[in-house]
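Novice: I have a structure I would like to understand better, so I am pasting it below and will then ask my questions one at a time.
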Amino acid sequence: MQINGGVKFCEQGMKASIRAMHVQSEIIGMINENIAGFDKIGFQRKQPIVSSFTEYIGVHGLSRTVDDQPGRIMVSKNPLDITMANRGYFQIETPNGVKLTRDGRFKLDKAGNLLDLEDNHVLSDAGMPIKLPVVPEDVSQVVVNTKGKISVFDSKTSQLVDAGFLGIVDSNGVAVINPDVKQGYNEHSNVVIQNEFLAVKPVVRTFEANRQLFLIESSNLQKVISQLGSVS
């Protein structure tokens, strides 16, 4: 007895060209997003991942990953601007759940709650909103060490009072042991603008190649249809 097996695949050229152009358009969109986020504080570069079967299943085989390398760190005049020299994320309590962010531009409300720019609570390592035990007269009285420990100067006792640790975790929610927190700094994006412009060139060339194939196939199809019409 003989058993024959195998996989046969027959694909129309026009469909393949359209699918390929769709994939390249999505990749160009990611690159444009990186370029647009170049000057955004806390923005992390997006990297397209193309699977082995993308040529057959189109954009369903395309995914993205986040480059979690630290970005450019620059001095800020605000003592509540906080960043990390190592990988990690701050935890922010939002109406839609906990959000992870590298944007450490924080502020205090009148009650001493530590908030982000959108008035969401910044969480501690215990998962609770951070609230200073003493409302400082000036934000310069707030001190944050490299481990993320927050203290505030109490003018009545002339001592520093601890307010807890910043909840700094990795992308999986695991606490970061050594985040190397820096107070009075902002982290800009980790996008290298020259690399993005270089990355877009081969993608555009591939798109144009598939576009030319589509036009050739479309022209040939029109000729065939015209000849069949003339014969009939």
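The values are calculated or read from the model by the stated rules, or taken from the named source; none is laboratory data. Values in this document were obtained by computation on a predicted structure and should not be read as measured data. FYI the Cβ positions are ideal-geometry reconstructions off the backbone, even for glycines, and counts take in every protein chain you see. Areas reflect the complete protein model, heavy atoms only, side chains present, ligands, DNA and RNA absent. Shrake-Rupley method; radii C 1.70, N 1.55, O 1.52, S 1.80 Å.
Novice: Would you tally the residues in the range 129-142 being crowded, with 16+ Cβ neighbours inside 10 Å and over 15 Å from Phe90 (Cβ atoms)?
Specialist: Counting residues in the range 129-142 that are crowded, with 16+ Cβ neighbours inside 10 Å and over 15 Å from Phe90 (Cβ atoms) gives 6.
Novice: Among the residues of the range 70-94, write down those that are closer than 17 Å to Asn145 by Cβ and within 15 Å of the chain's Cα centre (by Cα).
Specialist: Gly88, Phe90
Novice: Continuing with the same structure: Return the total of residues in the range 114-128 being within 17 Å of Asp81 (Cβ to Cβ), out of contact with any Ser or Thr (no Cβ under 7 Å at 6 or more places or on another chain) and either part of a strand (DSSP E or B) or open to solvent by less than 50 Å² (accessible area, probe 1.4 Å) (or both). Break it down stepwise before answering.
Specialist: We begin by selecting, within the range 114-128, every residue within 17 Å of Asp81 (Cβ to Cβ); these are 114-120, 122.
Of the ones still in play, those that are also out of contact with any Ser or Thr (no Cβ under 7 Å at 6 or more places or on another chain) are 114-119, 122.
After this cut, where a residue has to be either part of a strand (DSSP E or B) or open to solvent by less than 50 Å² (accessible area, probe 1.4 Å) (or both) as well, the list is 114-116, 122.
Number of matching residues: 4.
Novice: Pick from the range 31-77 the residues that are assigned to a loop (DSSP other than H, G, I, E, B) and charged (D, E, K, R): which of them is farthest from Leu117 (Cα to Cα)? If you could, list the steps in order and put the result at the bottom.
Specialist: Filtering the range 31-77 for residues assigned to a loop (DSSP other than H, G, I, E, B) gives 37-45, 51-53, 67-72, 76-77.
Filter again for charged (D, E, K, R), leaving 39-40, 45, 67-68, 72, 77.
Details: Asp39: 17, Lys40: 14, Arg45: 22, Asp67: 24, Asp68: 22, Arg72: 20, Lys77: 16 Å.
Looking at the filtered set, the residue picked out is Asp67.
Novice: Yes or no: the range 76-83 includes at least one residue that is open to solvent by 60 Å² or more (accessible area, probe 1.4 Å) and at pLDDT below 95.
Specialist: To start, the set of residues in the range 76-83 that are open to solvent by 60 Å² or more (accessible area, probe 1.4 Å) comprises 77.
With at pLDDT below 95 added as a condition, the list becomes 77.
Checked the range 76-83: at least one residue is open to solvent by 60 Å² or more (accessible area, probe 1.4 Å) and at pLDDT below 95.
Novice: Evaluate the following for Val75: is it touching a residue at least 60 places away in the same chain (Cβ under 8 Å) and touching a Lys or Arg at 6+ places or on another chain (Cβ under 7 Å)?
Specialist: Numbers: touching a residue at least 60 places away in the same chain (Cβ under 8 Å): yes; touching a Lys or Arg at 6+ places or on another chain (Cβ under 7 Å): no.
So Val75 does not fit the description; no.
Novice: What single numbered condition from (1) within 13 Å of Val192 (Cα to Cα); (2) charged (D, E, K, R); (3) in contact with a Lys or Arg (Cβ under 6 Å, 6 or more places away or on another chain); (4) open to solvent by 50 Å² or more (accessible area, probe 1.4 Å) fails to hold for Asp39?
Specialist: Among (1) within 13 Å of Val192 (Cα to Cα); (2) charged (D, E, K, R); (3) in contact with a Lys or Arg (Cβ under 6 Å, 6 or more places away or on another chain); (4) open to solvent by 50 Å² or more (accessible area, probe 1.4 Å), Asp39 violates only (3).
Novice: Can you tell me which residue in the range 153-169 is most open to solvent (accessible area, probe 1.4 Å), limited to those that are among the aliphatic types (A, V, I, L, M) and without any contact (Cβ under 8 Å) to a residue 60 or more places away in the chain? Talk me through it step by step, then tell me what you get.
Specialist: First, pick out the residues of the range 153-169 that are among the aliphatic types (A, V, I, L, M): 160-161, 163, 166, 168-169.
Narrowing the set further to residues that are without any contact (Cβ under 8 Å) to a residue 60 or more places away in the chain leaves 160-161, 163.
Numbers: Leu160: 101, Val161: 43, Ala163: 22 Å².
So the residue we want is Leu160.
Novice: If only one of Ala199, Ala175 is under 30 Å from Ala20 (Cβ atoms), small (Gly, Ala, Ser) and surrounded by 11 or more Cβ atoms within 10 Å (Cβ to Cβ), which one is it? Give the derivation first.
Specialist: On the way: Ala175 fails: under 30 Å from Ala20 (Cβ atoms).
Of the residues listed, the single one that is under 30 Å from Ala20 (Cβ atoms), small (Gly, Ala, Ser) and surrounded by 11 or more Cβ atoms within 10 Å (Cβ to Cβ) is Ala199.
Novice: Follow-up question, since we're still on this one. Kindly indicate the residue of the range 89-104 that is in contact with a Gly (Cβ under 9 Å, 6 or more places away or on another chain) and in a loop (DSSP other than H, G, I, E, B) and also farthest from Asn120 (Cα to Cα) among those meeting that condition.
Specialist: Arg102
Novice: Also: Please tell me if Leu198 is of a type in the set (A, V, I, L, M, F, W, C) and touching a residue at least 12 places away in the same chain (Cβ under 8 Å).
Specialist: Details: of a type in the set (A, V, I, L, M, F, W, C): yes; touching a residue at least 12 places away in the same chain (Cβ under 8 Å): no.
In short, no.
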